[in-house]
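The structure under discussion appears below in the form of structure tokens.
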Amino acid sequence: MKQPKEKQPTGNQLQTGRRQFLGGVVAGGAAGLAAMHTANAAEPKPSAPSATRPSAARVAAETAVPADLGKAGPGMPGSDFMLDVIKSLDIKYIPSNAASSFRALHESIIDYGGNSKPEFLNCLHEESAVAMAHGYFKITGKPLLTLCHGTVGLQHASMAIYNAWCDRVPVIVVGGNDLDAAYRPPGVPTFHSAQDINAMVRDYTKWDDTPVSLQHFSQSFVRAYKIAMTPPYGPVAISLDANLQMAPVHMHEGKMPTIPRLVMTSPPQGDSGAVQEAAKLLLQADQPIIVADRAARTPAGIALLVELAELLQARVIDQGGRMNFPKTHYLSTPPSAIGSADVILGLELSDFWGTVNAFTDNNLNDGHGSQSSRIKSQTKLISINSVDLNTKANYQDFQRFQVVDVQMAADAQATLPALIEAVRKAMTPERKALISSRTSALQKVHMEDRVRTRTAAALGWDASPISTARLCMETFDAIKHLDWSLVASEGNVSNWPNRLWPVEKHYHWLGRSGGYGVGYGAPASVGAALANRDLGRFSVSIQSDGDLMYAPGVLWTAAKHKIPLLSVMHNNRGYHQEVMHLQRLANFRNRKVNLGGDMGPVGTSIERPDIEYHKLAESMGWWAKGPIKEPAQLRAALKEAVEVVKSGQPALLNVWTQPR
Amino acid sequence: MKLQCKLIARTLLVTCLPLSFTLLSSQVHADAVRGKTAYVQNGCWGCHGFEGQGGIAGPKLAPETKPLEYFNAFVRNTRGIMPPYSEKVLSAQDMADLHAYLKSIPKGPDYTAIPLLNTP
């Protein structure tokens, strides 16, 4: 069947329209300048203007809404129709950095759509915009759309897109592009155009398209949304042609282009035979351990994991890609427990090899380091991982290859009900009694671990700069009476929040960046805080210094859009991971590492001059204080900052901390 | 054969070095203030914190600092996550000073005495 084709304006029509528009701008500008010149001039006889004043008819033609525009239907701007498509998917915000290649859609958002659902959020960097969408999704479970310039903007955005890809987070990235080389404006717009803008992010997006008609756009946009939102989630990219945005909507065989109905795709569930095999192995185990990374996509996922763990009396190692398991539960256990397991169930692990093997960067084996197993040789491994359905070749986010005994290419949360059911069915009364007998020993182990953790946290408690344990617990004490959400914890504070805070709800811990691209923390915090603002929750982030300096302009975005967020800095004045790497390398080579007068090796410290982050934040509209170097100063400052955030403003405390 | 030689060499190293350092350290005057400087300048703080409190990157070094002999043997010969420090990088004097610094760090409060660490 022949597909209906949209009637497009001819190239000449477009060219004429654009020239007329530019001509009008030039004439209007020249006329204005001439008028100013006349008003200010002392000469009695003004010189002749270089351009004639436009006639009333010409002014009307340049400024009035054309007869066939400004209404929904044939003749409406293409970008208005595009906005209708976007609205149909209930996308609430569009964090973006303004760019001419999507000017038509931008104008439609603010004037046709009333800048509401979606609301355009003014971002100062595309990386910030995508990372905001990343953080927003982790709170709401709903994707945002971000617009960017097709080439330069997408290049800025690409790091954040890679983070979203590795973290299995859907973001809809739409890049403006002027595809038609015969008619695109010369100069800058052409520098900013490409044959295939999506090529640069294709390796780390789930899907992309370049629509060439409005009907094509609506179908591709809805398809992109569905693909992004089907586990494993991931970012998608749509190239948005400038001409398609500008041109009016035309009828297709007497009908307007349609917007497809959204029907969500069910997540993939594990094969029933494999589920039964997994249940059998888990039931036979004496020391089953569940390891979860991005298993709980929703709060229901947490409840399912608790149910399975209690059914089996299996300890759970939460690797923290998401909040998978309550840290207060007696079955919550640290990663060191893995060595005792006889069966390991891995749920959405980003790195199964790294879970069961150790790598030591000790310069052995010609500098490759040494590798060893962390588990017993007879330990059985089960994997349920939806990412197995979406592996690409180039970027190595799929990690080292690990042989497992039962492998399900399926979504863990969607498979858990079947697995729980299979375990219940196969459970004999004898096995049930045996499993129940484990409980008291496991509760004891949990309590012992709790004491060990707190003993470690007390070390250096009164140190200056402030210990990371003290930083985290003073912060928690200031917010514990609120419905709090830790929106990011960047820069490595020895994982104290997960070890000491009662992390129980899905919004208590949102995981990390995914791709470990530095610069995620600040913008993702702002995006998550935006979502929490709408839900009435209190947002707090542990903000590292290096991360903030990648794109600090997001602080301004938070102030501009009144996004309340308490940002407590873990300012250890350096790229600390690199401090340790350089020291290690120098030692391996039997050389004294060159500090260049700083604390850390040359090129790793962020000091002399010390960045005054509190002043930076103040300059962008935040309430801020610092530097706070003594632990005794922290409580009062936190109390003040919490009140500021409760009033609806963002607040930052610049705290000097111990390295880790 | 080559592997055996390596093993023997490593065994000798591990056995003999602590003895040599014990002898050396008995001849040097250890100074905690100099040790603190050496601790910062040689990157010990990077993994163990400025107070030797440790963290996710390295174990605690203080309080209850290990004996100097153990300290010397480990620092010179470790093949774990921590890189070894040779005599060229940290002299015997530095090692003695470092150890004196770590021993001088007072024991902090027990966690049970810190209200913030006793929340449910």
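Before moving on, here are some points about what is shown:
- Residue match in segment B:68-77 (condition: at pLDDT below 95 and surrounded by fewer than 16 Cβ atoms within 10 Å (Cβ to Cβ)): no
- Selected residue (criterion: nearest to the other protein chains (Cβ to nearest Cβ)) from residues of segment A:471-517 that are on the phi > 0 side of the Ramachandran plot and within 19 Å of the chain's Cα centre (by Cα): A:492
- Candidate set from segment A:588-609 (those that are more than 8 Å from chain B (Cβ to nearest Cβ) and within 17 Å of residue A:658 (Cβ to Cβ)); member that is surrounded by the most Cβ atoms within 10 Å (Cβ to Cβ): A:604
- Residue in segment A:242-253 that is free of Cβ contacts under 8 Å to residues at least 40 places away in the same chain and surrounded by fewer than 19 Cβ atoms within 10 Å (Cβ to Cβ) present: no
- Residue within segment A:440-455 that is touching a Leu at 6+ places or on another chain (Cβ under 8 Å) and surrounded by 24 or more Cβ atoms within 10 Å (Cβ to Cβ) present: no
- Residue check, residue A:142 without any contact (Cβ under 8 Å) to a residue 60 or more places away in the chain and either part of a helix (DSSP H, G or I) or farther than 11 Å from residue A:523 by Cβ (or both): yes
- The condition (being part of a strand (DSSP E or B) and under 15 Å from the mean Cα position of the chain (by Cα)) is satisfied by just one residue among A:173, A:169, A:130: A:173.
- When residues in segment A:150-170 are screened for being buried (at least 24 other Cβ atoms within 10 Å of the Cβ) and at pLDDT below 95, 1 of them pass.
- Residue match in segment A:371-380 (condition: surrounded by fewer than 15 Cβ atoms within 10 Å (Cβ to Cβ), within 14 Å of another protein chain (Cβ to nearest Cβ), more than 28 Å from residue A:489 (Cα to Cα) and out of contact with any helix residue (DSSP H, G or I) (no Cβ under 9 Å at 6 or more places or on another chain)): yes
- Count - residues of segment B:58-80 that are without any contact (Cβ under 8 Å) to a residue 12 or more places away in the chain and within 7 Å of chain A (Cβ to nearest Cβ): 2
- Hey, residue A:441 within 29 Å of residue A:283 (Cβ to Cβ) and in contact with a Lys or Arg (Cβ under 7 Å, 6 or more places away or on another chain) or not: no
- Filtering segment A:357-392 to residues that are free of Cβ contacts under 8 Å to residues at least 12 places away in the same chain and closer than 30 Å to residue A:297 by Cβ leaves only A:391.
- In the condition set (1) facing chain B (nearest Cβ under 8 Å); (2) surrounded by fewer than 24 Cβ atoms within 10 Å (Cβ to Cβ); (3) of a type in the set (Ser, Thr, Tyr), residue A:468 is compliant with all but (2).
- If the condition is being more than 31 Å from the chain's Cα centre (by Cα) and surrounded by fewer than 22 Cβ atoms within 10 Å (Cβ to Cβ), then segment A:284-327 contributes A:284, A:285, A:286, A:287, A:310, A:311, A:313.
- Residue count for segment B:103-119 satisfying the condition of being out of contact with any Ser or Thr (no Cβ under 7 Å at 6 or more places or on another chain), more than 7 Å from chain A (Cβ to nearest Cβ) and in a loop (DSSP other than H, G, I, E, B): 4.
- Residue list for segment B:32-52, filter: touching a residue at least 24 places away in the same chain (Cβ under 8 Å) and within 7 Å of chain A (Cβ to nearest Cβ): B:47, B:51
- Residue A:391 being over 30 Å from residue A:659 (Cα atoms) and either in contact with a strand residue (DSSP E or B) (Cβ under 6 Å, 6 or more places away or on another chain) or among the hydroxyl-bearing types (Ser, Thr, Tyr) (or both): yes
- Hey, residue A:658 of a type outside the set (A, V, I, L, M, F, W, C), within 14 Å of chain B (Cβ to nearest Cβ) and surrounded by 16 or more Cβ atoms within 10 Å (Cβ to Cβ) or not: yes
- Residue A:280 falls short on exactly one of the conditions (1) outside any helix (DSSP H, G or I); (2) outside the structural domain of residue A:106 (by TED's automatic domain parsing); (3) over 26 Å from residue A:135 (Cβ atoms), and that condition is (1).
- Condition broken by residue B:86, with the remaining ones in (1) in contact with a Phe, Trp or Tyr (Cβ under 9 Å, 6 or more places away or on another chain); (2) among the polar types (S, T, N, Q); (3) surrounded by fewer than 19 Cβ atoms within 10 Å (Cβ to Cβ); (4) at the interface with chain A (Cβ under 7 Å from one of its Cβ atoms) satisfied: (1)
- For residue A:634, the stated conditions do not hold, so it cannot be described as more than 23 Å from residue A:521 (Cα to Cα), within 14 Å of another protein chain (Cβ to nearest Cβ) and not polar (S, T, N, Q).
- Residue check: residue A:528 meets all listed conditions (1) over 20 Å from residue B:113 (Cβ atoms); (2) within 13 Å of chain B (Cβ to nearest Cβ) but one, namely (2).
- Annotation: of all residues in segment A:335-361 being part of a strand (DSSP E or B) and of a type in the set (A, V, I, L, M), the one that is nearest to the chain's Cα centre (by Cα) is A:347.
- Residue in segment A:356-369 that is crowded, with 23+ Cβ neighbours inside 10 Å and away from every other protein chain (no Cβ under 14 Å) present: no
- Residues satisfying the stated conditions in segment A:382-431, i.e. of a type in the set (A, V, I, L, M) and part of a loop (DSSP other than H, G, I, E, B): A:393, A:403, A:404, A:409, A:410, A:427
- Scanning segment A:531-552 for residues that are surrounded by 24 or more Cβ atoms within 10 Å (Cβ to Cβ) and of a type in the set (Ser, Thr, Tyr), we see that the one that is farthest from residue A:118 (Cα to Cα) is A:544.
The values are calculated or read from the model by the stated rules, or taken from the named source; none is laboratory data. Just so you know, these numbers come straight off a predicted model, no measurement behind them. Note: ideal-geometry Cβ built from the backbone for every residue, glycine included; neighbour counts use all protein chains shown.
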